[in-house]
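Worksheet: one structure, shown below.
The values are calculated or read from the model by the stated rules, or taken from the named source; none is laboratory data. Bear in mind that the values here come from a model prediction, so they are computed numbers and not experimental data. Glycine gets a Cβ as well: all are built from the backbone with ideal geometry, and neighbour counts include every protein chain shown. Note: accessible area is taken over every heavy atom of the protein model, side chains too, but ligands, DNA and RNA are not part of it. Shrake-Rupley method; radii C 1.70, N 1.55, O 1.52, S 1.80 Å.
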Amino acid sequence: MMDVKDFKSNDEIAWCPGCGNFGILNAVKKTLVRLGKPPKDILLVSGIGQAAKLPHYVRCNCFNGLHGRALPVAAAAKIANRNLTVLVTTGDGDCYGEGGNHLIHNIRRNTDITVIVHDNQIYGLTKGQASPTTDPGYVTKIQMEGVILDPLHPLEMAIALGAGFVARGYSLDIEHLSWLILEGIKHKGFSLIDVLQPCVSFNKKNTYEWYTRRVYKINDDSSYNPEDKIAAYKNAHEWGERIPIGIIYRAEKETYEEKKGLTQMPPLVEEQIEDIDIKGILNEFAY
Ligand SMILES: Cc1ncc(C[n+]2csc(CCOP(=O)(O)OP(=O)(O)O)c2C)c(N)n1
Ligand code: SF4
């Protein structure tokens, strides 16, 4: 039986004391224990940013890629080896800004990966510039007159694009977040979990107090049906005095792996490739 200490890496944690990333790290480790798989069967993929450091702090397979480029790596790994549980840990800048194109097309692709966005509504690693989710009016050293753009609404966007699992967590509620991550992993296909994550150093507006006063658990209301797309879309839009957390939308969809027939074959990674002669193909491109 796995234990939280089985997933502890030896890397020293470089986050600021009190950072919301600690709650997400604890929730991820708790979830991996609940999943019951050994570290060798788990892959954490990230790009660049404070959020993207999370895989360094968990003892399992890790791929730290380029800024915004975690999703194609994660999708490729899952397609090559469907026995892996593949999680992405990414920031709001990394996933919704730099990597926004990959988010759109991996929702369409619907590989079986779980994407956890540490949404601190700011660029943490590069010291506090506005990100796609920064609230309008927020003043930064770059946006000196306050942010003038409308924010991106990632959950609405994901639902509109046809994502099959769309959720929001809060890094202070570790138990609830761990439940969400486990549900995301169990969901067959692409899962997006946007996590409210206070950045205590550079986001002085969206603090623990600010979020705690607003969040409410949408699934506590037994009449809420996450399969009702119109209701989900309306709730994904709610942002202000009240902010819903929980499973906002859920739908079963065919995955990329199923469409390609990969689930009917042994994992690609197990294919024997030693006897394949690629000289002919290489010669075609030789000049
Ligand atoms: C191609 C490229 N552009 C810009 C950067 C600089 N950069 C590093 S992290 C980052 C933003 C990180 O913000 P976010 O993804 O929200 O993560 P956080 O640090 O807040 O967790 C930027 C712009 C980079 N490393 N590579
Ligand atoms: S700068 Fe913000 S996001 Fe980065 S470690 Fe510090 S509190 Fe966390």
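Kindly establish whether Ile116 is within 12 Å of ligand 1 (Cβ to nearest atom), within 25 Å of Ile230 (Cα to Cα) and within 14 Å of the chain's Cα centre (by Cα).
So Ile116 fits the description; yes.
So which of Thr90, Thr133 ends up being touching a Gly at 6+ places or on another chain (Cβ under 6 Å), within 12 Å of ligand 1 (Cβ to nearest atom) and of a type in the set (Ser, Thr, Tyr)?
Step by step, each of Thr90, Thr133 is checked, and only Thr90 is touching a Gly at 6+ places or on another chain (Cβ under 6 Å), within 12 Å of ligand 1 (Cβ to nearest atom) and of a type in the set (Ser, Thr, Tyr).
Grab the strands (runs of 3 or more DSSP E) fully contained in segment 182-275, keeping just those with 2 or more residues being within 24 Å of Leu44 (Cα to Cα).
191-196, 243-250
Could you tell me whether any residue of segment 244-254 is modelled with pLDDT of 95 or more, within 15 Å of Phe190 (Cβ to Cβ) and basic (Lys, Arg)?
yes
Being within 16 Å of the chain's Cα centre (by Cα), in a helix (DSSP H, G or I), surrounded by fewer than 19 Cβ atoms within 10 Å (Cβ to Cβ) and of a type in the set (Gly, Ala, Ser), is that true of even one residue in segment 43-64?
So far as segment 43-64 goes, no, none of its residues is within 16 Å of the chain's Cα centre (by Cα), in a helix (DSSP H, G or I), surrounded by fewer than 19 Cβ atoms within 10 Å (Cβ to Cβ) and of a type in the set (Gly, Ala, Ser).
Here is a yes/no grid of residues against (1) in contact with a Pro (Cβ under 9 Å, 6 or more places away or on another chain); (2) farther than 18 Å from Leu84 by Cβ; (3) open to solvent by 10 Å² or more (accessible area, probe 1.4 Å); (4) in a helix (DSSP H, G or I):
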residue: Asn10; (1), (2), (3), (4): no, yes, yes, no
residue: Ile13; (1), (2), (3), (4): no, yes, yes, no
residue: Cys19; (1), (2), (3), (4): yes, yes, yes, no
residue: Leu32; (1), (2), (3), (4): yes, no, no, yes
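With (1) surrounded by 13 or more Cβ atoms within 10 Å (Cβ to Cβ); (2) out of contact with any Gly (no Cβ under 7 Å at 6 or more places or on another chain); (3) not basic (Lys, Arg) as the list, and Asn219 as the residue in question, which single condition is left unmet?
For Asn219, the exception is condition (2).
Please go through (1) crowded, with 24+ Cβ neighbours inside 10 Å; (2) in a loop (DSSP other than H, G, I, E, B) for Leu155 and return the number of the only condition it doesn't satisfy.
(2)
Within segment 21-70, how many residues are within 12 Å of Thr89 (Cβ to Cβ) and touching a Gly at 6+ places or on another chain (Cβ under 6 Å)?
Qualifying residue count, segment 21-70: 6.
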